[in-house]
Amino acid sequence: MPENAPEYLAAGPRVGIRHFTYADGTEFTARTRESKDLHQPWLFPPGSADAYAAYAGRLIQDPTKAGFLVCELPHSPKGVGGAPISGAIAGFININNIVEGGFLSGALGYGAFAHAAGRGLMGEGLGLVVRYAFGKMGLHRLEINVQPGNAASIALARRCGFRLEGFSPDFIYMDGAWRDHERWAITAEMTRSR
């Protein structure tokens, strides 16, 4: 992590989570471009400086959204092949549509970057975000909506304790069409019982 980078909101053995900053744009967009084959057709994160600035601005300024970068901890053990781990951005997790009052809920969206895929970093990061959301943010329920063919995203939701609650046909318009999604959710009570 660069000198003067924001502090982590929470950290595990291998990753920490922190909020997005405008200064993360160069690394984030480079990782997005490197990860295009991994992301599409499921996910379309910003790949240019202007798109990142608009995206990060919404996450930073909109109180119904909270964005988290999952970053490899610089002091982690060596990575695959013995290469040192640098504190690089491994992925991102956003809580959208945050509703207060009687709901205290939000909808999660997430993506790993190609260099971090399959290493368990996003599972650790998602666990940190869930604990942060149910703790510091005071939320009660988090929901993940994922296309049925996105096996990696479904596996991550399942590993992190989310339960399948249903199926929503024609749920989200993306990549030129209305896409079906499975609904996965977790509540604060579910995490306490685990």
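The values are calculated or read from the model by the stated rules, or taken from the named source; none is laboratory data. What you see is a predicted model, and the numbers here were worked out from it, not measured in a lab. Glycine also receives a Cβ, built like all others from the backbone with ideal geometry; neighbour counts cover every protein chain displayed.
Of the residues ALA30, ALA51, ALA56, the single one that is assigned to a helix (DSSP H, G or I) and under 14 Å from the mean Cα position of the chain (by Cα) is ALA56.
Filtered by the rule that a residue be modelled with pLDDT under 95, in contact with an Asp or Glu (Cβ under 8 Å, 6 or more places away or on another chain) and not in a loop (DSSP other than H, G, I, E, B), the stretch 91-117 gives ALA114, HIS115, ALA116. Name the single residue that is modelled with the highest pLDDT among those in the stretch 43-56 being surrounded by 14 or more Cβ atoms within 10 Å (Cβ to Cβ), of a type in the set (A, V, I, L, M, F, W, C) and out of contact with any Gly (no Cβ under 8 Å at 6 or more places or on another chain). Once the filter is applied, the top-ranked residue is ALA51. Could you check, for the stretch 70-80, whether at least one of its residues is of a type in the set (D, E, K, R), assigned to a helix (DSSP H, G or I), modelled with pLDDT under 90 and over 16 Å from the mean Cα position of the chain (by Cα)? Among the residues of the stretch 70-80, not one is of a type in the set (D, E, K, R), assigned to a helix (DSSP H, G or I), modelled with pLDDT under 90 and over 16 Å from the mean Cα position of the chain (by Cα), which makes the answer no. Exactly one residue out of ALA157, ALA188, ALA177 is over 18 Å from ARG141 (Cα atoms) and small (Gly, Ala, Ser): that is ALA177. The lone criterion from (1) at pLDDT 90 or above; (2) buried (at least 19 other Cβ atoms within 10 Å of the Cβ); (3) within 25 Å of ASP37 (Cα to Cα); (4) of a type outside the set (Lys, Arg) left unmet by GLY120 is number (2).
Filter the stretch 158-179 for residues that are outside any strand (DSSP E or B) and out of contact with any helix residue (DSSP H, G or I) (no Cβ under 8 Å at 6 or more places or on another chain); which is nearest to ALA116 (Cα to Cα)? By that ranking, first place goes to ARG158.
A count restricted to the stretch 124-151 and to residues that are within 14 Å of the chain's Cα centre (by Cα) and either crowded, with 19+ Cβ neighbours inside 10 Å or more than 17 Å from TYR8 (Cβ to Cβ) (or both) stands at 12. Inspect all residues belonging to the stretch 24-36 and state whether any of them is crowded, with 16+ Cβ neighbours inside 10 Å, closer than 26 Å to MET137 by Cα and in contact (Cβ under 8 Å) with a residue 40 or more places away in the chain. Checked the stretch 24-36: at least one residue is crowded, with 16+ Cβ neighbours inside 10 Å, closer than 26 Å to MET137 by Cα and in contact (Cβ under 8 Å) with a residue 40 or more places away in the chain.
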